[in-house]
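Student: Supplied in C-alpha coordinates, the structure appears directly below.
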Amino acid sequence: MTNAGVDMKLEIVVIPVSDVDRAKEFYSSLGWRLDADYPADDFRVIQFTPPGSGCSVIFGKNVTAAAPGSVKGLYLIVSDIEAARTELIGHGVKVSETFHHAGDTYTGSDEPYLFGSVRVSGLDPERGTYRSFASFSDPDGNGWLLQEITARLPGRVDADNTLFNSSSELAAALRRAATAHGEHEKREGGKHDENWPDWYAEYIVREQAGKELPL
(Lines give C-alpha, C1' and ligand atoms only; values in the text may rest on other atoms or scores of the structure.)
Protein backbone atom coordinates (compact mmCIF):
# COMPACT_ATOMS: atom_id res chain seq x y z
CA MET A 1 0.00 0.00 0.00
CA THR A 2 1.08 3.55 -0.71
CA ASN A 3 1.75 5.66 2.33
CA ALA A 4 -0.40 8.78 1.82
CA GLY A 5 2.01 10.75 3.97
CA VAL A 6 4.94 10.32 1.57
CA ASP A 7 5.42 13.09 -0.99
CA MET A 8 5.48 11.84 -4.57
CA LYS A 9 6.48 14.64 -6.89
CA LEU A 10 6.20 14.24 -10.64
CA GLU A 11 9.53 15.56 -11.87
CA ILE A 12 10.28 14.03 -15.28
CA VAL A 13 8.30 13.50 -18.49
CA VAL A 14 10.04 11.62 -21.32
CA ILE A 15 9.43 12.82 -24.87
CA PRO A 16 10.50 10.81 -27.94
CA VAL A 17 12.46 12.64 -30.64
CA SER A 18 14.14 11.58 -33.88
CA ASP A 19 16.95 14.15 -34.00
CA VAL A 20 18.42 14.86 -30.58
CA ASP A 21 20.41 17.95 -31.56
CA ARG A 22 17.45 19.47 -33.41
CA ALA A 23 15.24 18.92 -30.36
CA LYS A 24 17.88 20.44 -28.10
CA GLU A 25 18.08 23.52 -30.31
CA PHE A 26 14.28 23.87 -30.29
CA TYR A 27 13.85 23.64 -26.52
CA SER A 28 16.84 25.91 -25.98
CA SER A 29 15.17 28.48 -28.23
CA LEU A 30 12.14 28.53 -25.92
CA GLY A 31 14.29 29.90 -23.12
CA TRP A 32 13.92 26.72 -21.06
CA ARG A 33 16.70 25.87 -18.64
CA LEU A 34 19.14 23.22 -19.81
CA ASP A 35 19.79 21.02 -16.78
CA ALA A 36 21.80 18.21 -18.30
CA ASP A 37 23.32 16.79 -21.47
CA TYR A 38 24.95 13.48 -20.67
CA PRO A 39 26.44 11.71 -23.72
CA ALA A 40 27.82 8.17 -23.92
CA ASP A 41 28.59 5.68 -26.67
CA ASP A 42 25.08 4.20 -26.83
CA PHE A 43 23.18 6.63 -24.65
CA ARG A 44 22.48 10.35 -24.36
CA VAL A 45 20.02 12.15 -22.13
CA ILE A 46 19.12 15.84 -22.24
CA GLN A 47 16.96 17.53 -19.63
CA PHE A 48 15.13 20.86 -19.91
CA THR A 49 12.89 22.65 -17.41
CA PRO A 50 10.28 25.26 -18.41
CA PRO A 51 10.42 28.56 -16.47
CA GLY A 52 8.75 28.21 -13.08
CA SER A 53 8.07 24.48 -13.52
CA GLY A 54 8.72 21.80 -10.93
CA CYS A 55 8.66 19.17 -13.66
CA SER A 56 11.25 18.70 -16.41
CA VAL A 57 11.36 16.90 -19.75
CA ILE A 58 14.05 14.57 -20.95
CA PHE A 59 14.85 13.16 -24.38
CA GLY A 60 17.88 11.73 -26.11
CA LYS A 61 19.39 8.62 -27.59
CA ASN A 62 18.08 5.25 -26.35
CA VAL A 63 15.96 7.02 -23.74
CA THR A 64 12.59 5.64 -24.86
CA ALA A 65 11.22 3.16 -27.38
CA ALA A 66 8.17 5.34 -28.10
CA ALA A 67 7.74 6.65 -31.63
CA PRO A 68 9.09 10.20 -32.17
CA GLY A 69 6.29 12.73 -31.96
CA SER A 70 3.85 10.34 -30.31
CA VAL A 71 3.46 12.26 -27.04
CA LYS A 72 0.44 14.59 -27.05
CA GLY A 73 -1.33 16.81 -24.56
CA LEU A 74 1.65 18.07 -22.58
CA TYR A 75 0.15 20.86 -20.50
CA LEU A 76 1.96 24.11 -19.77
CA ILE A 77 -0.01 26.08 -17.19
CA VAL A 78 0.20 29.87 -17.48
CA SER A 79 -1.44 32.76 -15.65
CA ASP A 80 -1.72 34.92 -18.79
CA ILE A 81 -2.17 32.96 -21.99
CA GLU A 82 -1.90 35.96 -24.29
CA ALA A 83 1.45 36.95 -22.77
CA ALA A 84 2.69 33.35 -22.95
CA ARG A 85 1.62 33.01 -26.57
CA THR A 86 3.31 36.28 -27.51
CA GLU A 87 6.53 35.17 -25.83
CA LEU A 88 6.58 31.84 -27.68
CA ILE A 89 5.92 33.53 -31.01
CA GLY A 90 8.84 35.84 -30.21
CA HIS A 91 10.99 32.72 -29.92
CA GLY A 92 9.93 31.69 -33.42
CA VAL A 93 7.42 29.03 -32.37
CA LYS A 94 4.32 28.44 -34.49
CA VAL A 95 1.53 28.71 -31.91
CA SER A 96 -2.16 28.25 -32.62
CA GLU A 97 -4.67 31.02 -32.06
CA THR A 98 -6.23 31.01 -28.61
CA PHE A 99 -9.36 28.88 -28.26
CA HIS A 100 -11.87 27.65 -25.74
CA HIS A 101 -14.36 24.80 -25.61
CA ALA A 102 -18.13 24.68 -25.92
CA GLY A 103 -20.36 21.63 -25.77
CA ASP A 104 -19.24 18.04 -25.46
CA THR A 105 -19.28 16.69 -29.02
CA TYR A 106 -16.03 15.86 -30.75
CA THR A 107 -15.91 17.60 -34.14
CA GLY A 108 -12.79 16.15 -35.70
CA SER A 109 -10.06 18.42 -34.38
CA ASP A 110 -6.57 17.30 -35.32
CA GLU A 111 -5.82 17.43 -31.58
CA PRO A 112 -8.31 14.92 -30.12
CA TYR A 113 -6.54 14.98 -26.76
CA LEU A 114 -8.07 18.41 -26.15
CA PHE A 115 -11.05 16.99 -24.24
CA GLY A 116 -12.82 15.99 -27.48
CA SER A 117 -15.23 18.93 -27.24
CA VAL A 118 -16.18 21.65 -29.68
CA ARG A 119 -13.25 24.01 -30.21
CA VAL A 120 -14.20 27.69 -30.46
CA SER A 121 -11.79 30.38 -31.63
CA GLY A 122 -10.70 33.06 -29.17
CA LEU A 123 -10.38 33.43 -25.42
CA ASP A 124 -13.11 32.14 -23.16
CA PRO A 125 -15.72 34.98 -23.20
CA GLU A 126 -15.65 35.27 -19.42
CA ARG A 127 -11.88 34.64 -19.23
CA GLY A 128 -12.70 31.86 -16.80
CA THR A 129 -9.91 29.94 -15.16
CA TYR A 130 -9.01 26.61 -16.87
CA ARG A 131 -10.93 27.66 -20.01
CA SER A 132 -8.55 29.30 -22.50
CA PHE A 133 -5.97 27.39 -24.53
CA ALA A 134 -3.39 27.53 -27.31
CA SER A 135 -1.23 24.75 -28.75
CA PHE A 136 2.11 24.16 -30.44
CA SER A 137 4.35 21.25 -31.36
CA ASP A 138 8.07 20.53 -31.32
CA PRO A 139 9.85 19.61 -34.60
CA ASP A 140 8.87 15.93 -34.18
CA GLY A 141 5.20 16.69 -33.53
CA ASN A 142 5.09 16.16 -29.77
CA GLY A 143 2.09 18.27 -28.80
CA TRP A 144 2.12 21.00 -26.17
CA LEU A 145 -0.93 22.78 -24.79
CA LEU A 146 -1.01 26.14 -23.04
CA GLN A 147 -3.80 26.40 -20.48
CA GLU A 148 -4.62 29.59 -18.58
CA ILE A 149 -5.29 29.01 -14.89
CA THR A 150 -5.80 32.01 -12.63
CA ALA A 151 -7.54 30.26 -9.70
CA ARG A 152 -7.45 26.60 -8.72
CA LEU A 153 -10.51 24.49 -8.05
CA PRO A 154 -11.21 23.77 -4.37
CA GLY A 155 -8.86 21.27 -2.78
CA ARG A 156 -6.19 21.54 -5.48
CA VAL A 157 -3.81 23.73 -3.46
CA ASP A 158 -3.00 23.73 0.24
CA ALA A 159 -3.73 27.26 1.43
CA ASP A 160 -0.86 26.95 3.89
CA ASN A 161 1.58 26.51 0.99
CA THR A 162 0.71 29.35 -1.37
CA LEU A 163 3.40 29.52 -4.04
CA PHE A 164 4.19 31.63 -7.10
CA ASN A 165 6.66 30.39 -9.65
CA SER A 166 7.58 33.77 -11.11
CA SER A 167 7.30 37.50 -10.48
CA SER A 168 4.91 37.83 -13.42
CA GLU A 169 2.59 35.21 -11.92
CA LEU A 170 2.56 37.06 -8.59
CA ALA A 171 2.00 40.38 -10.39
CA ALA A 172 -1.02 38.93 -12.19
CA ALA A 173 -2.46 37.76 -8.87
CA LEU A 174 -1.91 41.23 -7.38
CA ARG A 175 -3.70 42.84 -10.32
CA ARG A 176 -6.71 40.57 -9.86
CA ALA A 177 -6.71 41.34 -6.12
CA ALA A 178 -6.51 45.07 -6.85
CA THR A 179 -9.53 44.91 -9.15
CA ALA A 180 -11.53 42.93 -6.61
CA HIS A 181 -10.47 45.26 -3.79
CA GLY A 182 -11.68 48.24 -5.79
CA GLU A 183 -15.15 46.68 -5.85
CA HIS A 184 -14.82 45.95 -2.13
CA GLU A 185 -14.12 49.63 -1.39
CA LYS A 186 -17.12 50.67 -3.50
CA ARG A 187 -19.36 48.41 -1.43
CA GLU A 188 -17.89 50.00 1.70
CA GLY A 189 -18.94 53.47 0.58
CA GLY A 190 -15.79 54.37 -1.33
CA LYS A 191 -13.66 54.81 1.78
CA HIS A 192 -9.95 53.98 1.63
CA ASP A 193 -9.27 50.64 3.26
CA GLU A 194 -6.21 51.05 5.48
CA ASN A 195 -6.03 47.28 5.88
CA TRP A 196 -5.80 46.63 2.14
CA PRO A 197 -2.57 44.58 2.47
CA ASP A 198 -4.40 42.08 4.69
CA TRP A 199 -7.34 42.00 2.26
CA TYR A 200 -5.02 41.45 -0.71
CA ALA A 201 -3.22 38.63 1.09
CA GLU A 202 -6.46 36.91 2.05
CA TYR A 203 -7.80 37.24 -1.50
CA ILE A 204 -4.66 35.82 -3.12
CA VAL A 205 -4.39 32.86 -0.74
CA ARG A 206 -8.09 31.99 -1.09
CA GLU A 207 -7.98 32.35 -4.87
CA GLN A 208 -5.02 30.01 -5.23
CA ALA A 209 -6.59 27.46 -2.87
CA GLY A 210 -9.91 27.59 -4.70
CA LYS A 211 -11.82 28.84 -1.66
CA GLU A 212 -14.66 31.38 -1.50
CA LEU A 213 -13.24 34.84 -2.17
CA PRO A 214 -13.66 37.75 0.28
CA LEU A 215 -16.14 40.51 -0.50
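Student: What do you reckon, is Glu148 modelled with pLDDT under 80 and crowded, with 16+ Cβ neighbours inside 10 Å? Before you say what the answer is, go through the steps one by one.
Tutor: Values: modelled with pLDDT under 80: no; crowded, with 16+ Cβ neighbours inside 10 Å: yes.
Answer is no for this residue.
Student: In addition: So which residues in the range 1-50 are of a type in the set (Asp, Glu) and either in contact (Cβ under 8 Å) with a residue 12 or more places away in the chain or in contact with a His (Cβ under 7 Å, 6 or more places away or on another chain) (or both), if there are any at all?
Tutor: Applying the first criterion (of a type in the set (Asp, Glu)) to the range 1-50 yields 7, 11, 19, 21, 25, 35, 37, 41-42.
If the condition is that a residue be of a type in the set (Asp, Glu) and either in contact (Cβ under 8 Å) with a residue 12 or more places away in the chain or in contact with a His (Cβ under 7 Å, 6 or more places away or on another chain) (or both), then Glu11, Asp19, Asp35, Asp37, Asp42 are the ones that fit.
Student: Here's a follow-up. Answer with yes or no whether Ser79 is surrounded by 16 or more Cβ atoms within 10 Å (Cβ to Cβ), assigned by TED's automatic domain parsing to the domain that holds Asp138 and more than 15 Å from the chain's Cα centre (by Cα).
Tutor: For Ser79, the condition - surrounded by 16 or more Cβ atoms within 10 Å (Cβ to Cβ), assigned by TED's automatic domain parsing to the domain that holds Asp138 and more than 15 Å from the chain's Cα centre (by Cα) - is not met.
Student: Whether any residue in the range 55-71 is of a type in the set (Ser, Thr, Tyr), surrounded by 13 or more Cβ atoms within 10 Å (Cβ to Cβ) and touching a Ser or Thr at 6+ places or on another chain (Cβ under 8 Å) is what I want to check.
Tutor: Going residue by residue through the range 55-71, those that are of a type in the set (Ser, Thr, Tyr) are 56, 64, 70.
Then drop every residue that is not surrounded by 13 or more Cβ atoms within 10 Å (Cβ to Cβ), which leaves 56, 64, 70.
Add one more test, that the residue is touching a Ser or Thr at 6+ places or on another chain (Cβ under 8 Å), and what stays is 56.
The answer is yes; a qualifying residue exists.
Student: Also: Please go through the range 101-123 and give me each residue that is modelled with pLDDT of 90 or more and within 17 Å of the chain's Cα centre (by Cα), ordered by number.
Tutor: Once the filter is applied, which keeps residues that are modelled with pLDDT of 90 or more and within 17 Å of the chain's Cα centre (by Cα), the range 101-123 yields only Leu123.
The values are calculated or read from the model by the stated rules, or taken from the named source; none is laboratory data. Not measured: the values here are computed from a predicted model. With ideal geometry, Cβ positions are generated from the backbone for all residues, glycine too; neighbour counts draw on all protein chains shown.
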